[in-house]
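Notes follow the structure.
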Amino acid sequence: EGGLWEMMVEGPTTGEEKWADGRRVWEEVQETTYSHASSDLIAARKVICEYSLNRSRHRLEVERRRRRGMVRWTRQKKRARLFHQVEDEDEDGMFGDESIKADSEMVKCLDETCEKSYETIRSQALEGSQYGDVRPLSAVCTSTGAYAVNGMDSLASSAMTLPTIIATGGWSGGIKIWNGGNDLTNTENDSNGNINSEELAPLDLLGAKSVVHEDRIMGIAMQPYITSGVSRNGYMTMVASASIDLTAKLCKVTLNEDSSNQDSMDLDDAGNNEKKTNSKKQTDESMRYNILECAHLKGHAARLCSVAFHPTGKYVATTSFDHTWRLWDVETSNMTEGKELLLQDGHAREVYGVGFHPDGSLVATTDFGGVVQCWDLRTGKSACHFLG
């Protein structure tokens, strides 16, 4: 049931007794053993299974609608070219069903979106450049800018736009939050109650925490905005980081309501306006976003490499040089103890990369031997593997 890991068991207790040259010898035998899944892991698998079924059902339904709509849309365009008719005309009534018409409109919108994306890619240019740290940067991630208010995991018309932010981590062990491009205004109230807006450029520093890990950060990930049933409890998103100090940490990103008060100007002895020079105070108090540590994930026996959030936002996976990857519960982990749900080995070399399928049912891990393992989170078994 659990299917957690495979172990190599050696020695006389698991060997086969044989005779060679008149002497009794033992031959080492490889055995595959399984441990029972914990109650917390079983509950997590139920959540993942329900989530993945809903996501896959929605994805396949959208694909079916697109294919049905593609038939009508293609024939309509062909008829318009041959008979010089308007594309919206449907004289023969072959596609009179309103649902099929809606499907064709979906295809038309998708085609227009692809054309716009292509034009955008052709005109891409550098929007901003910034010195991120005094030491090398080793990890970066971005957050999508939409959160579905109605609970649906799609960019619906009711979606509320949230700022796109970028998180970076480096060899100094700190985390920084940058403007991703659409958070263009910094609105604050002055002493008279008037609203002042300051334009923010791409890659403007919005938040920082100078010391999160004791050593280099190797991986960083951000909790997705689009989630189902995840209670935010007053924070915008969560950042997970993995370090070579054998730990992973979760940090909440919250809006700093007092940032406008801390960003004031001081007068020096000569009467000139100067920004406050206390860099630590500016980092921790006067930034637009606060970065607050909320959980420490300990358990790996060697340096950590990568980290990734499950699409539900409730779980996070970490990889390590100890040849294992682990799955943690985000909601029940705290500063003293991380809630480990799954310890999975199966790689012969150091495990480096990790990534979840958008449906949430599968996770892929990579190692230094060029092997890709695909795991089914609902059963705990290896679904397939590839040699890269």
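Applying the condition of being modelled with pLDDT of 70 or more and either open to solvent by 60 Å² or more (accessible area, probe 1.4 Å) or of a type in the set (Ser, Thr, Tyr) (or both) to segment 79-97 and asking which residue is nearest to GLY69 (Cα to Cα) yields ARG81. Look at GLY173 and say whether it is open to solvent by less than 30 Å² (accessible area, probe 1.4 Å), touching a strand residue (DSSP E or B) at 6+ places or on another chain (Cβ under 9 Å) and modelled with pLDDT under 55. In short, no.
Just one of the listed residues (SER333, SER361) is touching a helix residue (DSSP H, G or I) at 6+ places or on another chain (Cβ under 9 Å) and within 23 Å of SER38 (Cα to Cα), namely SER361. Of the listed requirements (1) loosely packed, with under 12 Cβ neighbours inside 10 Å; (2) modelled with pLDDT under 85, LYS108 misses just one: (1). Among the residues making up segment 343-355, those that are open to solvent by 40 Å² or more (accessible area, probe 1.4 Å) and within 23 Å of the chain's Cα centre (by Cα) are LEU343, GLU350, TYR352.
A quick yes/no check of all residues on (1) in contact (Cβ under 8 Å) with a residue 12 or more places away in the chain; (2) surrounded by 24 or more Cβ atoms within 10 Å (Cβ to Cβ); (3) under 19 Å from the mean Cα position of the chain (by Cα):
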{"residue": "GLY299", "(1), (2), (3)": "yes, no, no"}
{"residue": "ARG303", "(1), (2), (3)": "yes, no, no"}
{"residue": "LYS314", "(1), (2), (3)": "yes, no, yes"}
{"residue": "THR318", "(1), (2), (3)": "yes, yes, yes"}
{"residue": "GLU331", "(1), (2), (3)": "yes, no, yes"}
{"residue": "ASN334", "(1), (2), (3)": "yes, no, no"}
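The values are calculated or read from the model by the stated rules, or taken from the named source; none is laboratory data. Only a predicted model underlies this, so the values are computations on that prediction, with no experimental measurement involved. Cβ coordinates were reconstructed from backbone atoms using ideal geometry, including for glycine residues, and neighbour counts include every protein chain displayed. We work out accessible area using only protein heavy atoms, side chains counted, and drop any ligands, DNA or RNA first. Shrake-Rupley method; radii C 1.70, N 1.55, O 1.52, S 1.80 Å.
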